[in-house]
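A.B. asks: Can you read through this structure? Questions will come right after.
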Amino acid sequence: MGNTKARAAVVRTIGGPFEIEDIEIAPPREHEVLVRMVGVGICHTDLVCRDGFGLPMPIVLGHEGSGIIEAVGEKVTRVRAGDPVVISFDSCGSCAGCHDEVPAHCDQFMPRNLSGSRVSDGTTALSVDGEKIFANFFGQSSFATHAIAHETNVVPVPRDLPLELLGPLGCGVMTGAGAVLNSLQVREGESVVIFGAGAVGISAVLAAAAVGASPIIVVEPNEGRCRLACELGATITLQPSAEPDLVDRIKASTAGGARHAIDTTANAKVIETAALVLGINGVLGLLGVPNATDTVTFNLLELLTRGIVIRSIIEGDADPQSFIPKMLSLYRDGRFPFDRMIRSFPFDKINEAAAAAESGAVIKPVLVF
């Protein structure tokens, strides 16, 4: 098999635009697969890495891809050409985290997902006129018409579902839903407060509604996002600017304090507030990606006497191979309409889609090919 000619959105300078370029992709190696992309979501992490996260450049980003497998490496056994798949993050499959079915805590998570190269030898499958283009971003680099992924991070999906919309299940949607269903294990009748109603926050709302949590409180400054959160299962929405004492309002709505709180903002002041709204033995899940120097301040005695638990959550503590089918089952049943927050853009409008995500005009842009 020769090289595949493709088009990709290349970032050549920190903070620079996505530039659509003709590229070549080398054939998949032993455990790799070549996927023809059908759709790919734009996630906040893509924009953070575009604007400087220590990744090498030029690079192709994109990590919420969905598509059809076109070719497989000679040792691939789990999937075959023609299979529709969602592509998620990569993991080694053999470390303690992978054995415990929390592959986002894989010992090799950073090099496999955020190095820009293959772990084995530092190479990349992408090039432009002989120039090396860094790739393997979250094991895929799916801002392109074709992507090289790995047997371990592609998840087969049913053929009768809208494949072009399924990519966000591989990261953003999985993170929010997994936080509720896996990390916090929210149960029917338990209270949940969700700070931020972006893609991750709305996904948490959907999962909380699916299990019958109550009340489901969303704290979000954007009025339009508050309306959508209500339509998708939130029982109370609060805009911080309209609440002179947000903490007291939430405590009054949760019989003295919430059982669970989820922060999707990575804003230190919001996180401190989220801890204050919890009741006895409450749990705070941290989902947002902060800056490396950010810190928060808590009163340790108050945390100790109230039994508060604070835990970080990566990728919803999910195993994509089992959790993506679980979300699709809920979607089929009409209990997880994640597509309500999606707006589609043609691939060549990627910069417009990215701007819409940054401004908050669109919750989850999806590029379609």
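The values are calculated or read from the model by the stated rules, or taken from the named source; none is laboratory data. All figures in this text were calculated on a predicted structure; none of them were measured in a lab. Every residue, glycine as well, gets a Cβ built from its backbone with ideal geometry; the counts of neighbours run over all protein chains shown.
Yes or no, residue by residue, for (1) out of contact with any helix residue (DSSP H, G or I) (no Cβ under 7 Å at 6 or more places or on another chain); (2) assigned by TED's automatic domain parsing to the domain that holds D46; (3) under 19 Å from I217 (Cα atoms):
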{"residue": "L246", "(1), (2), (3)": "no, no, yes"}
{"residue": "I271", "(1), (2), (3)": "yes, no, yes"}
{"residue": "G279", "(1), (2), (3)": "yes, no, yes"}
{"residue": "T293", "(1), (2), (3)": "yes, no, no"}
{"residue": "V296", "(1), (2), (3)": "no, no, no"}
{"residue": "N299", "(1), (2), (3)": "yes, no, no"}
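A.B. asks: In segment 156-178, is there at least one residue being aliphatic (A, V, I, L, M) and farther than 30 Å from R78 by Cα? Can you show your working first?
C.D. replies: In the first step, residues of segment 156-178 are kept if they are aliphatic (A, V, I, L, M); the result is 157, 161, 163, 165-166, 169, 173-174, 177.
Checking the rest, the ones that are also farther than 30 Å from R78 by Cα come to none.
So far as segment 156-178 goes, no, none of its residues is aliphatic (A, V, I, L, M) and farther than 30 Å from R78 by Cα.
A.B. asks: Of everything in segment 302-342, what is surrounded by 13 or more Cβ atoms within 10 Å (Cβ to Cβ), assigned to a loop (DSSP other than H, G, I, E, B) and of a type outside the set (K, R)? Give them in sequence order.
C.D. replies: I308, I313, I314, A318, D319, F336, P337
A.B. asks: Which residue out of F323, F298, F338 is of a type in the set (F, W, Y), out of contact with any Ser or Thr (no Cβ under 7 Å at 6 or more places or on another chain) and within 30 Å of T273 (Cα to Cα)?
C.D. replies: F298
A.B. asks: On to the next question. Is it the case, given these coordinates, that T152 is β-branched (V, I, T) and farther than 24 Å from L328 by Cβ? Talk me through it step by step, then tell me what you get.
C.D. replies: Numbers: β-branched (V, I, T): yes; farther than 24 Å from L328 by Cβ: no.
Criteria not met by T152.
A.B. asks: Moving to a separate point now. Which one is surrounded by the most Cβ atoms within 10 Å (Cβ to Cβ), of the residues in segment 1-30 that are over 27 Å from the mean Cα position of the chain (by Cα) and of a type in the set (D, E)?
C.D. replies: Of segment 1-30, the ones over 27 Å from the mean Cα position of the chain (by Cα) are 1-5, 22, 24, 26-27, 30.
Applying the additional criterion that residues be of a type in the set (D, E) yields 22, 24, 30.
Numbers: D22: 11, E24: 17, E30: 10.
Of everything passing the filter in segment 1-30, E24 is surrounded by the most Cβ atoms within 10 Å (Cβ to Cβ).
A.B. asks: Moving on. State which residue is surrounded by the fewest Cβ atoms within 10 Å (Cβ to Cβ) when the search covers only segment 351-367 and only residues that are more than 17 Å from C171 (Cβ to Cβ) and not charged (D, E, K, R). Reasoning before the result, please.
C.D. replies: First, the residues of segment 351-367 that are more than 17 Å from C171 (Cβ to Cβ): 351-352, 355-356, 358-361.
Of the ones still in play, those that are also not charged (D, E, K, R) are 351, 355-356, 359-361.
On the way: N351: 14, A355: 14, A356: 17, S359: 8, G360: 13, A361: 12.
In this case the residue turns out to be S359.
A.B. asks: Do you know which of the residues in segment 110-163 that are over 25 Å from P17 (Cα atoms) and among the hydrophobic types (A, V, I, L, M, F, W, C) is farthest from the chain's Cα centre (by Cα)?
C.D. replies: Ranking the qualifying residues of segment 110-163, first place goes to V119.
A.B. asks: Separate question: Pairs needed: first member in segment 330-353, at pLDDT 95 or above; second member anywhere, part of a helix (DSSP H, G or I) and surrounded by fewer than 16 Cβ atoms within 10 Å (Cβ to Cβ); C-beta distance under 7 Å; at least 6 residues apart or different chains.
C.D. replies: F345/E352
A.B. asks: Output the number of residues of segment 271-295 satisfying the condition of being in a strand (DSSP E or B), closer than 14 Å to G201 by Cβ and among the hydrophobic types (A, V, I, L, M, F, W, C). Full working, then the answer.
C.D. replies: Our first condition is that a residue be in a strand (DSSP E or B); within segment 271-295, this holds for 278-286.
Subsequent filtering for residues that are closer than 14 Å to G201 by Cβ retains 285-286.
Narrowing the set further to residues that are among the hydrophobic types (A, V, I, L, M, F, W, C) leaves 286.
Qualifying residue count for the region: 1.
A.B. asks: Search segment 199-236 for residues being surrounded by fewer than 24 Cβ atoms within 10 Å (Cβ to Cβ) and among the small types (G, A, S), and hand back the single one that is modelled with the lowest pLDDT.
C.D. replies: Here the answer is G224.
A.B. asks: V289 - would you say it is out of contact with any Gly (no Cβ under 8 Å at 6 or more places or on another chain), touching a residue at least 40 places away in the same chain (Cβ under 8 Å) and not assigned by TED's automatic domain parsing to the domain that holds D100? First the steps, then the outcome.
C.D. replies: Numbers: out of contact with any Gly (no Cβ under 8 Å at 6 or more places or on another chain): yes; touching a residue at least 40 places away in the same chain (Cβ under 8 Å): yes; not assigned by TED's automatic domain parsing to the domain that holds D100: yes.
Yes: the conditions hold for V289.
A.B. asks: Please pick out the residue among I313, I363, I324 that is out of contact with any strand residue (DSSP E or B) (no Cβ under 7 Å at 6 or more places or on another chain), modelled with pLDDT of 95 or more and β-branched (V, I, T).
C.D. replies: Working: I313 fails: out of contact with any strand residue (DSSP E or B) (no Cβ under 7 Å at 6 or more places or on another chain); I324 fails: out of contact with any strand residue (DSSP E or B) (no Cβ under 7 Å at 6 or more places or on another chain).
Only one candidate passes the filter, namely I363.
A.B. asks: Has segment 76-87 got any residue that is within 22 Å of I313 (Cα to Cα), in the same structural domain as N351 (by TED's automatic domain parsing) and modelled with pLDDT of 95 or more? Break it down stepwise before answering.
C.D. replies: Going through segment 76-87, the residues within 22 Å of I313 (Cα to Cα) turn out to be 86-87.
Retained after the next criterion (residues that are in the same structural domain as N351 (by TED's automatic domain parsing)): 86-87.
Subsequent filtering for residues that are modelled with pLDDT of 95 or more retains 86-87.
Checked segment 76-87: at least one residue is within 22 Å of I313 (Cα to Cα), in the same structural domain as N351 (by TED's automatic domain parsing) and modelled with pLDDT of 95 or more.
A.B. asks: What residue, among those in segment 247-265 that are among the hydrophobic types (A, V, I, L, M, F, W, C) and surrounded by fewer than 19 Cβ atoms within 10 Å (Cβ to Cβ), is nearest to N182 (Cα to Cα)? Don't jump to the end; show me each part of the working.
C.D. replies: Quick first cut of segment 247-265, residues among the hydrophobic types (A, V, I, L, M, F, W, C) only: 247, 250, 252, 255, 258, 261-262.
From what is left, the residues that are surrounded by fewer than 19 Cβ atoms within 10 Å (Cβ to Cβ) are 247, 252, 255.
Details: V247: 26, A252: 27, A255: 25 Å.
Step by step, filter segment 247-265, then rank; the result is A255.
A.B. asks: Is there a residue being assigned by TED's automatic domain parsing to the domain that holds V277, farther than 27 Å from D100 by Cα and surrounded by fewer than 24 Cβ atoms within 10 Å (Cβ to Cβ) anywhere in segment 139-152? Break it down stepwise before answering.
C.D. replies: Kept after step one, since they are assigned by TED's automatic domain parsing to the domain that holds V277, are these residues of segment 139-152: none.
No, that holds for no residue.
A.B. asks: While we're looking at this one, here's another question. Pull out all pairs, ordered by first then second residue, where Cβ-Cβ is under 6 Å, the residues are six or more apart or on different chains, the first lies in segment 261-272 and is under 16 Å from A292 (Cα atoms) and free of Cβ contacts under 8 Å to residues at least 60 places away in the same chain, and the second is part of a loop (DSSP other than H, G, I, E, B) and of a type in the set (G, A, S).
C.D. replies: Sorted first by the residue in segment 261-272, then by its partner, the pairs are A266/G288.
A.B. asks: Also: Give segment 84-107 a look and list any residue that's touching a residue at least 24 places away in the same chain (Cβ under 8 Å), farther than 24 Å from I69 by Cα and of a type in the set (A, V, I, L, M, F, W, C), or say none.
C.D. replies: Hit for segment 84-107 is V102, nothing else.
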